[in-house]
Amino acid sequence: MLRDRVTGLAVVVLGVAYWGAASALPRPLLQQDVGPEVFPRLIAGGLMLLGALLAAGPLLRRLAGWPAAPRVAEAGLEGPADVPAIVAVLVGLALYTAFYERLGFVLSTVLFMAVEIAALEVDRKRWIWAVPVVILLPVLLYLLFDKLLGVKLPTGLLG
Amino acid sequence: MESFASNVVTGFSIAATPANLGYAFIGCLVGTLIGVLPGIGSVTTVALLIPITFGMNPTAGLILMAGVYYGAMYGGSTTSILANIPGESSAVVTTLDGHPMAKQGRAGAALATAAIGSFVAGTLSTVGLMLLAPTLASVAIRFGPAEYFSLMLLGLTAVSALGGRSVVKALISMCLGLLLGTVGLDMGGFPRFNFGLVELYEGVDFIIPAIGLFALGEALDQAAVIRRSQLTHFDFRGRAWLTREEFRRSTAPWLRGSVLGFLVGVLPGAGATIASFFSYAMERRLSRHPEQFGKGAIEGVAGPEAANNASVGGAMVPLLTLGIPGSGTTAILLGAFMMFGLQPGPLLFQRNPDVIWALIASMYIGNAMLLVLNLPLIRLFVKLIDVRPAVLVAAVLVLSTVGVYATNGRTFDLWLTLGFGALGYFARRADFPAAPLILALVLERSMEENFRRATTLSDGSLTIFLTRPISAAILALCVLSLFSPYIQSWLLRRGNARPESGARTGT
């Protein structure tokens, strides 16, 4: 598979870069037998080997008789992805993060949830039912973290 | 052995305080609710709980998280039986006979055999844990750094071999986890691989990839299918209970499933899912009516449901005694132990027996709570299957974000989580499992410490891992574990292909 070949090569490149970075680590003054670079180098070697195995996969698998592990069904992984929905979640999260501290937790969360539910809920009649959740969940979470757990969340504009 | 008895008594006296009973209750309840909700697994829930338990005392936090873990194992069966949607991969097998039973109007019996089976299994496997853990701890205490290094490697290779569809991809995931683990201060106090970023000076907090890969990953998985998924409405009327005949037919599968599930759970890498598949195959082989399997055989629900719950107690054995988790969920529990400043392993039994025994006792109490809770409340839980998936996804995204932010109070972590979420989603689509990465990240520090201690003892030579007999034997098991998919698929094929001959050898 082309995707596996590209991924495999990327893993090899990562392994080589990591090996390089490990070798460039400053040695401790006291010469030890095993410095901070040895273990990372083992990992780097592993990455290079495994990346190569993945890239050369189909061929090697046939030669070595390597088995494909039995399929374990996982919910949600069937069928082609709904790309606009994925983009809506990722872009939404990025904007949410960017405005998290400026707008404050409660306000940014209400906006974020409203946008995501509007984007993902096909049945528009259901939007109205989501309103209490969109308003209550952020407020309850704020109270839980701020009052009960003593964790400060950003107050932003409402602060 | 008299200290064993006093430990058990101490454990129960701590677990039975009103506050801890409350945490066990909340844990079981939340776990069951989550298990019932399709699409959110126990890994995600336990990961999301970590920031909340941060300020609690360790015993209470661990009791809460363990409750969620086995509560979710139980809850998954409800959705499998009624909606034919496994809430967890360990509940896939339950759909095979559970859903046909529901269609025949026997949903009550299926739910009841799952609930009672879970109780029997949870109780028996907790007893197994009580008996096996101290014994193993007393053996493990003689292990040196070479043995520990090899053991951790075994934990990693076993999870990689059993947890995914491709061993190579799982091992790549594992190496990435190790790589992430090396970011930050090394044991000599030198900063490594932090790109000069202050935020990475102390390394990547495991909660960030855990929430990113599991919680965000699952939310993205859901989002990918949400707009074209068929929504179905479910209802359950009647009573969840068994007739005398059904009870009689369930008893042996419960007991067999419990023993099998516990033993499989102890093995590294082989968790609840594999335990339930094995139990199903075994019940079909032993049955006098193998032709009923797949069409609503109660044994096909009773056995696997007992097995997947029993595997939780089994999985606690290597986690508590060796500090080696066997799955994504137990890896996160290990991270939680470390967050509380507790290092699981044989010394934990000497230093913090109160925490361990209280946790074990609470599992025992929690199982009884689940039984009392679940049979009467089942109609209430069923309503949850109707929760709108869009609302659920939005809520999971918010909970993930707030959890990560609460840990260190900086948006840098949120960006990192988002990166892991996106990576996790695309990686899962390409069949790279997340569990080996988290496991490797959590274990990296102690693995490298043991590696460096062992090689210092041998003046820098790597042969120490092969010349110490126990370490060499464990390394041989590592190699064997990488070939275990062969063995597993062979066993499953045998279980599926020869039901008739199985009937003759049956009890």
Next item on the list: Sort out for me the Cα centre separation of segment B:273-316 from segment B:235-266, rounded to whole Å.
Entry: 9
Checklist line | Set of aspartates and glutamates near residue A:125 by C-alpha distance (under 16 Å), chain-local residues within fewer than 8 positions excluded | finding: A:116, B:386
Note to self: Distance between the C-alpha centers of segment B:449-475 and segment B:362-393? Whole Å please.
What the structure shows: 48
Notebook entry, point to check: If you add up the charges near residue B:416, with Lys and Arg at +1 and Asp and Glu at -1, over every other residue whose beta carbon is less than 12 angstrom from its beta carbon, what do you get?
Noted result: -2
Checklist line | Cα pair distances exceeding 46 angstrom across the protein assembly as shown, given as percent | finding: 14
Note to self: Looking at segment B:118-202, I'd like the Rg to Rh ratio, where Rg is from alpha-carbon atoms and Rh is Kirkwood's inverse mean 1/r.
What the structure shows: 1.13
Notebook entry, point to check: What is the mean projected area of the alpha carbon convex hull for segment A:83-158, to one decimal in square nanometres?
Noted result: 5.3
Check: Hull surface divided by four, with the convex hull built on the Cα atoms of segment B:47-140: how many nm²?
Finding: 7.9
Notebook entry, point to check: Based on DSSP H assignment, which helices of chain B show an axial Cα extent of at least 18 Å together with a mean Kyte-Doolittle hydropathy greater than or equal to 0.5?
Noted result: B:2-15, B:18-36, B:58-83, B:107-140, B:145-163, B:167-182, B:299-322, B:353-384, B:389-408, B:411-429, B:469-482
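Could you line up B:354, B:459 from fewest to most neighbouring Cβ atoms inside 10 Å?
In increasing order of surrounding Cβ atoms, one gets B:459, B:354.
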Checklist line | Residues with amide H under 5 Å from that of residue B:192, placed H, sequence gap 5 or more | finding: B:184, B:185, B:186
Checklist line | Computed label-point distance, nm, for sites residue A:124 and residue B:466 using a 7 Å Cα→Cβ extension | finding: 7.0
Notebook entry, point to check: Which order do peptides B:324-335, B:396-407, A:132-143 fall in by mean Cβ count within 10 Å, highest first?
Noted result: B:324-335, B:396-407, A:132-143
Margin query: Given R₀ = 22 Å, what would the calculated FRET efficiency be for residue B:127 paired with residue B:347, taking r from the Cβ atoms and rounding to 0.05?
Written below: 0.40
Notebook entry, point to check: What do the square roots of 5 times the Cα gyration tensor eigenvalues come to for chain B, in whole Å, largest first, as semi-axes of the equivalent ellipsoid?
Noted result: 35, 26, 23
Check: How far is the Cα center of segment B:66-128 from the Cα center of segment B:12-26, in Å?
Finding: 25
Item checked: Ranked list, fewest to most other Cβ atoms within 10 Å of each Cβ, for B:88, B:444, B:202 -> B:202, B:444, B:88
Next item on the list: State the extension gain, in nm to one decimal, for the chain segment bounded by residue B:372 and residue B:387, taking 0.36 nm per residue of separation less the distance between their alpha-carbons.
Entry: 3.0 nm
Next item on the list: At a Cα cut-off below 16 Å, give the aspartates and glutamates reachable from residue B:383, other chains included and same-chain residues fewer than 8 away excluded.
Entry: B:235
Next item on the list: Mind sorting B:474, B:487, B:40 by how few other Cβ atoms lie within 10 Å of their own Cβ, fewest first?
Entry: B:487, B:474, B:40
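We did not get these values from a lab; they are worked out from the coordinates using the rules stated. Treat the numbers as computed from the prediction; the structure is a model and nothing was measured. With ideal geometry, Cβ positions are generated from the backbone for all residues, glycine too; neighbour counts draw on all protein chains shown.
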